[in-house]
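The values are calculated or read from the model by the stated rules, or taken from the named source; none is laboratory data. On a predicted model such as this, the values are computed, not experimentally measured, just so you know. In this analysis, Cβ positions are derived from the backbone assuming ideal geometry, glycine residues included, and neighbour counts consider all displayed protein chains. For accessibility, only protein heavy atoms count, side chains too; no ligands or nucleic acids. Shrake-Rupley method; radii C 1.70, N 1.55, O 1.52, S 1.80 Å.
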Amino acid sequence: MTTFRIQEFAKLAGVTVRALHHYDRLKLLSPAHRSDRGYRLYCREDLGRLEQILVLRYLGLSLREIAALLDTPASRNAEPLRVTFARQQAALHQRRDGLDRILRALEHAQQRAQNPAEPEWLLYQTILKEIQMQEATEWTEKYYSPKAAEALRERRAALTPELQAEIGARWQSLFADIQNALDRQTPPDSAEGRALVARWMRLADEFTNGDPEINKGYQRMIEDKSHWPDDEMAARIRASMPKPECQAFFNQALQACLRHG
């Protein structure tokens, strides 16, 4: 069996040694062989797995999602993989649509630039708005199924800035009331705690429209927050999330609701 030292394997695969060390630490790609001196030795089978990792990474999956896919036995793997590919295909189509919008914005800006009276800052602002919208949509929608992503796009288009501000204020009011309950040491399984859960669930239903696929996508996004980009959209989402102690109170109160029926 032909084996490769890590430098040889990195060159063969077109990746860095640093990336291979990272995949090894994450147990995504750990060579099964070692030399007498303890050096990592890769084989052709490792190259096949690395190609899978690189393709899935390019499609936008997080390393955690890739590990879950590749470590699932083949007999249970087919359906989730098809669903994942469909979700990423929808995200790529959305990315292409966004790039088309940016191109149209550039063409429009070029036409407007012919007018000497048109302020340059306004032209840049128009283009920047399209770029920011595209970048934000690109990374958030990859967590949702095609159907859920489409539903979210329709909902986003229907939300006015005023309505968005109102929804945000209602969430912040809820979090403030939960913090107040925590400060007063209110038991999560009390009537007040269960009432706060009911408010939380009503607000969540407004976001998901009762669609479990939207809820699943949102949970995937929250679980992957360590891989979010450093952009305005990520900052807004983080700012809107409850504090850990508020989330813990909700979880305990929800369990109490389930026990009480």
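Residues in region 11-47 that are open to solvent by 30 Å² or more (accessible area, probe 1.4 Å) and without any contact (Cβ under 8 Å) to a residue 24 or more places away in the chain: 15 in all.
With respect to the conditions (1) surrounded by fewer than 17 Cβ atoms within 10 Å (Cβ to Cβ); (2) in a helix (DSSP H, G or I), Pro187 falls short on a single one, namely (2). For Ala117, the conditions (1) over 30 Å from Gly60 (Cα atoms); (2) at pLDDT below 90; (3) open to solvent by 70 Å² or more (accessible area, probe 1.4 Å); (4) touching a helix residue (DSSP H, G or I) at 6+ places or on another chain (Cβ under 8 Å) are fulfilled apart from (4). I'd like to know if region 159-174 contains one or more residues that are open to solvent by 50 Å² or more (accessible area, probe 1.4 Å), farther than 18 Å from Ala253 by Cα, touching a helix residue (DSSP H, G or I) at 6+ places or on another chain (Cβ under 8 Å) and hydroxyl-bearing (Ser, Thr, Tyr). Looking for residues that are open to solvent by 50 Å² or more (accessible area, probe 1.4 Å), farther than 18 Å from Ala253 by Cα, touching a helix residue (DSSP H, G or I) at 6+ places or on another chain (Cβ under 8 Å) and hydroxyl-bearing (Ser, Thr, Tyr), one finds none in region 159-174, hence no.
Condition check ((1) modelled with pLDDT of 90 or more; (2) of a type in the set (Gly, Ala, Ser)) across all residues:
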position	(1), (2)
Glu138	no, no
Tyr144	no, no
Ala158	no, yes
Gln164	no, no
Asn180	yes, no
Gly193	yes, yes
Glu223	no, no
Ala235	no, yes
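The listed residues are Leu47, Leu41, and the only one of them that is touching a Pro at 6+ places or on another chain (Cβ under 7 Å), among the hydrophobic types (A, V, I, L, M, F, W, C) and either modelled with pLDDT of 85 or more or part of a strand (DSSP E or B) (or both) turns out to be Leu41. Residues in region 192-239 that are within 16 Å of the chain's Cα centre (by Cα), of a type outside the set (Asp, Glu) and not in a helix (DSSP H, G or I): Trp228, Pro229.
For Pro242, the test of being within 27 Å of Trp139 (Cα to Cα), touching a residue at least 60 places away in the same chain (Cβ under 8 Å) and not in a helix (DSSP H, G or I) is passed.
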